[in-house]
1. Could you check how many residues of segment B:134-149 are away from every other protein chain (no Cβ under 11 Å) and at positive phi?
2. How many of the residues making up segment A:42-57 are outside any helix (DSSP H, G or I) and closer than 10 Å to residue A:100 by Cα?
3. Give me the residue from segment A:283-311 that is more than 10 Å from every other protein chain (Cβ to nearest Cβ) and in a loop (DSSP other than H, G, I, E, B) and, out of that set, farthest from residue A:213 (Cα to Cα).
4. Among the numbered conditions (1) in the same structural domain as residue A:147 (by TED's automatic domain parsing); (2) within 30 Å of residue A:16 (Cβ to Cβ); (3) under 16 Å from the mean Cα position of the chain (by Cα), tell me where residue A:235 comes up short.
5. Output the residues belonging to segment A:245-263 that are free of Cβ contacts under 8 Å to residues at least 60 places away in the same chain and more than 14 Å from chain B (Cβ to nearest Cβ).
6. Which one of these is within 19 Å of the chain's Cα centre (by Cα) and surrounded by fewer than 18 Cβ atoms within 10 Å (Cβ to Cβ): A:69, A:76, A:21?
7. Quick check on segment A:283-311: of everything there that is within 13 Å of the chain's Cα centre (by Cα) and free of Cβ contacts under 8 Å to residues at least 40 places away in the same chain, which residue is farthest from residue A:66 (Cα to Cα)?
């Protein structure tokens with residue numbers, strides 16, 4: 001199997017990994033995005049990393065980039081990059097193809113994660129699958145009829161933007177009740193502060209990260225358990241909606257919050273069992289993701305390899 | 001093009017149509033379902049209709065049934081039939097194939113409607129499409145990647161069961177905030193009664209059918225307009241969720257409520273424009289269905305013909 005370079009655009013840095021199958025055989029140093037004004041100098045720097053990788057892996061078969069934000073997958077154009085300025089309608093695929101001579105794909109990072117789990121991870125063998133990543137934001141990717149579901153303009157799978165309350169908290173795009181406004185990392189912390197305050201305990205944001213809440217709940221801290229139940233209630237609503245719309249066989253859940261494990265998975269299963277029936281509940285699996293932070297790099301590499309082999 | 005017999009199972013009657021393309025060339029008399037105890041005698045009666053049709057159309061190519069409720073499309077088994085007793089796990093495809101010797105398909109009626117609109121109606125040419133039917137219940141069918149999206153257990157497209165409020169009205173399956181509990185026919189009438197009461201007018205359910213509400217709104221009746229806006233708000237939430245999950249190019253809306261036309265379409269468009277952006281809003285079409293009550297018969301005939309030609 002030939003090596004592929006995966007490039008993972010994050011909010012603070014661009015990470016690299018030379019991937020063979022599911023193994024990252026080399027990890028060139030990340031580039032901090034804050035150091036760059038606009039896209040051009042950053043792309044220059046990325047191209048230098050690519051040149052170094054090509055020198056080390058002359059059989060490099062393709063380059064796959066995963067980016068947070070909207071992407072035209074077909075044309076490889078980044079519409080916008082979440083949390084990074086100066087990235088509007090950047091034809092990254094064209095630029096990198098011209099500079100490197102290699103086949104390039106550019107995809108949304110949550111799609112890349114979903115692809116990694118579907119083809120190589122916890123979702124192998126499922127023809128209808130929803131992947132979620134729970135972190136600062138809530139992202140997702142959908143497999144239906146054994147294909148990636150990208151939608152008309154490559155915007156499908158935005159689970160974090162779907163509503164759980166038509167009169168609810170306002171999302172980034174004017175979307176009331178956006179799930180992300182409830183169970184994004186920061187929002188969970190804020191909710192936890194409220195729960196503890198209500199319980200008569202004053203705790204700071206720094207004491208109530210999802211990792212802290214997991215530890216507290218592991219010691220049967222009643223308030224922490226309530227917070228996780230509160231999170232599960234919101235997440236269950238969106239997963240239920242996915243079930244009625246898409247009737248998947250499995251949900252694969254990754255990202256920081258998913259590390260809470262049974263604290264989130266158990267109430268989630270319980271709530272879904274109460275709100276689904278028959279074909280929507282039969283054999284439904286809720287599984288933790290196989291890959292962690294490397295899901296994006298592995299996924300976009302796998303997509304790049306598949307696309308390169310098609311053409 | 002060969003004739004196909006479409007059979008549309010309703011809550012009160014089973015309707016028939018001999019279909020050639022989009023034309024219903026013959027409509028045998030419907031069978032009222034209330035007259036029958038259990039499935040067997042009703043199926044017997046249906047088979048008699050089929051025999052008559054076969055005598056008149058010896059070139060009959062296939063039989064397609066559309067049913068309200070959950071169906072295993074592959075096996076042609078009806079899990080349950082909404083509003084009709086004695087229909088649990090009925091292998092209708094097998095029974096009708098054995099009795100008639102013709103290829104038979106059995107599908108959910110909302111899927112049949114979606115198929116009709118996609119292949120022959122308002123949705124022609126769209127590769128990513130969501131169809132809705134707004135009546136006593138709220139049904140739906142999804143086309144993604146230019147294929148029917150049926151899901152793992154053929155339960156996809158149940159838009160009426162998706163939630164618009166995680167703490168909302170309880171749906172049939174324990175699903176809080178189910179859209180159908182807000183904008184089903186009966187629920188709209190109840191809401192209208194409340195709106196008029198609040199405005200100081202006492203009106204009965206019989207005076208506030210969706211047709212009445214359309215007429216009132218057409219005369220700029222402020223309260224009726226408020227009711228339609230209230231309906232549009234709920235529907236917009238579910239359509240928005242479809243956009244973020246599926247990123248379709250178009251919604252096709254049929255069923256009784258859709259006859260309200262611009263009264264529902266205009267506020268719907270306005271609300272979607274406020275809660276969607278970029279790839280989710282670009283070129284998004286919201287279109288009335290081409291077919292009316294005959295959508296089910298035309299759709300399940302078209303599905304039956306396609307399946308028959310495959311095998």
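The values are calculated or read from the model by the stated rules, or taken from the named source; none is laboratory data. Predicted model, so just to flag it, every value in this text is computed and none were measured. So basically every Cβ, Gly included, is an ideal-geometry build from the backbone, and we count neighbours across all protein chains shown.
1. 0
2. The first filter runs over segment A:42-57 and keeps only residues outside any helix (DSSP H, G or I), leaving A:57.
Checking the rest, the ones that are also closer than 10 Å to residue A:100 by Cα come to none.
So the count comes out to 0.
3. Of everything passing the filter in segment A:283-311, A:311 is farthest from residue A:213 (Cα to Cα).
4. Every listed condition holds for residue A:235 apart from (2).
5. If we filter segment A:245-263 for residues that are free of Cβ contacts under 8 Å to residues at least 60 places away in the same chain, which is where we start, we get A:245, A:259-263.
Result: A:259, A:260, A:261, A:262, A:263.
6. Working: A:76 fails: surrounded by fewer than 18 Cβ atoms within 10 Å (Cβ to Cβ); A:21 fails: within 19 Å of the chain's Cα centre (by Cα).
None of the other options fit; the residue is A:69.
7. Step by step, filter segment A:283-311, then rank; the result is A:292.
Table: residues versus (1) under 26 Å from residue B:248 (Cα atoms); (2) surrounded by fewer than 24 Cβ atoms within 10 Å (Cβ to Cβ).
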position: A:214; (1), (2): no, yes
position: A:217; (1), (2): no, yes
position: A:223; (1), (2): no, yes
position: A:233; (1), (2): no, yes
position: A:241; (1), (2): yes, no
position: A:250; (1), (2): yes, yes
position: A:255; (1), (2): no, yes
position: A:258; (1), (2): no, yes
position: A:267; (1), (2): no, yes
